Amino acid sequence: MRKILEKQIENLHQDFAKMGFDVAKALENATSVFQNHDEEFAKKVLENDFAINESEIYLERKTAQVIALQQPVASDLRVLITILKASSDLERIGDHAVSIVHSVKRISEENRNKEIEELLVAMSQHVHKMLLDVIDAYVHNDEEKARSLADNDEVNDDYLRQVRRKALNAMQTDSDFVGVGSEYMVMATHFERMGDYITNVSEWIVYTNTGRIVELGPTEATKSN
């Protein structure tokens, strides 16, 4: 029975990692849509979102089955709970990638702002690296890496503040920019929320190792300053 449980958990690990890489690809494609207004990449993001949603449903169902049928001990149960909870966080990151694609479609080509777009691309690349790092931390059960990368979420908060400031300044001087500026701020918020969900995954990795639910990264009070 023990070998069966270990094999089932190993399969779930692999499925979770695959879902994580699929979400990372969705974020990469969404950034390409933003940079190039590429309709083909837009279709890929929207099509892949269905597969990401299916992966979450599959992981939830299989994890629940293992818990119900195998009656895992405490350490195994923590692993299974992490898969159950963290897969939901990954799915939400995928949802934000879809929302970014929809925002891009509402941006008029003639009112694009190069400086703000460069900030948004840098922000997306930072979030993408965080996501790949947290998947690596999960695969190797690296609690120290999970804790350290959560601190990087402060960088996303700084990017968000910069985008908001520059967009608002541009909107005040050019009324034609209001619509585009609003979308830029919405997109930055989506990237920032992705960073929050990545931090959530880090917290579940810590839980796997310690059995304690901790709050990593900047607090809401810090973010508002």
- the range 31-50 versus the range 70-127: alpha-carbon centroid distance in Å: 14 Å
- Message: Sequence gap at least 6, Cα distance under 8 Å: using those rules, report the relative contact order of the chain to the nearest whole percent.
- Response: 25 percent
- Task: Using only alpha carbon pairs under 8 Å that are at least six residues apart, calculate the relative contact order of the range 55-170 and give it in whole percent.
- Result: 22 percent
- Message: If I ignore ligands, DNA and RNA and count only protein heavy atoms, how much of residue 16 is accessible to a 1.4 Å probe, in Å² to the nearest 10?
- Response: 0 Å²
- Query: Taking Cα atoms, how many degrees apart are the long axis of helix 153-173 and the longest axis of the chain, rounded to 10 and kept between 0 and 90?
  - Reply: 20 degrees
- Message: Using only Cα atoms and rounding to the nearest 10 degrees, what angle (0 to 90) does helix 2-36 make with the longest principal axis of the chain?
- Response: 10 degrees
- Message: At 1.4 Å probe size, put 133, 142 in order of accessible surface, largest to smallest.
- Response: 142, 133
- Item | For the range 123-225, alpha-carbon Rg over 2.2 N^0.38 Å | 1.25
- Task: Would you kindly calculate the mean projected area, averaged across all directions, of the convex hull enclosing the Cα atoms of the range 46-128, in square nanometres?
- Result: 6.9 nm²
- Over the chain: Kirkwood hydrodynamic radius from C-alpha pairwise inverse distances, Å: 18.4 Å
- Task: Pick out, in residue order, every one of the GluC sites (Glu not before Pro) in the range 130-192 that is DSSP loop and has at most 15 other C-beta atoms within 10 Å; say none if there are none.
- Result: none
- Message: From the helices alone, meaning DSSP H stretches of at least four residues, give me the mean residue ellipticity at 222 nm for the chain, per-run term -39500 (n - 2.57), in deg cm²/dmol to the nearest 500.
- Response: -30000 deg cm²/dmol
- Tilt of helix 114-139 relative to the longest C-alpha principal axis of the chain, in degrees (0 to 90, nearest 10)? 0 degrees
- Query: What's the local net charge at residue 88, with K and R +1, D and E -1, over the other residues with C-beta under 9 Å away?
  - Reply: -2
- Roll a 1.4 angstrom probe over the protein heavy atoms and tell me the percent of accessible area of the range 70-125 that is carbon or sulfur. 48 percent
- Quick calc, the range 109-225, dipole around Cα centre from Cβ unit charges on Lys, Arg (+) and Asp, Glu (-), nearest 20 debye, gives 140 debye
- Note on the structure: Residue by residue through the range 52-68, the couplings from Karplus 6.51 cos²θ - 1.76 cosθ + 1.60 with θ = phi - 60°, in Hz, x for Gly and Pro, are 5, 4, 5, 4, 4, 4, 4, 5, 4, 5, 5, 5, 4, 5, 5, 4, 6
- Task: Could you please tell me the mean projected area of the C-alpha convex hull for the range 1-112, averaged over all directions and given in square nanometres to one decimal?
- Result: 7.1 nm²
- Message: Based on alpha-carbon atoms only, what is the radius of gyration of the range 61-177 relative to the globular estimate 2.2 N^0.38 Å?
- Response: 1.47
- Query: Most mobile of 85, 114, 166 per a Gaussian network model of the chain (Cα springs, under 10 Å)?
  - Reply: 114
- Task: Keeping all protein chains in place, calculate the accessible area per residue for the chain (probe 1.4 angstrom), answer in Å².
- Result: 49 Å²
- Item | 3J(HN,Hα) from dihedral phi, the range 72-83, Karplus parametrisation 6.51/-1.76/1.60, rounded to Hz, x for glycine, proline | x, 6, 4, 5, 5, 5, 5, 4, 5, 5, 4, 4
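The values are calculated or read from the model by the stated rules, or taken from the named source; none is laboratory data. Keep in mind that what you see is a predicted model, and the values were worked out from it rather than measured. For neighbour counting, all protein chains shown are included, and Cβ atoms are generated from backbone atoms with ideal geometry for every residue, glycine included. Surface accessibility is based on the protein's heavy atoms, side chains included, excluding ligands, DNA and RNA. Shrake-Rupley method; radii C 1.70, N 1.55, O 1.52, S 1.80 Å.
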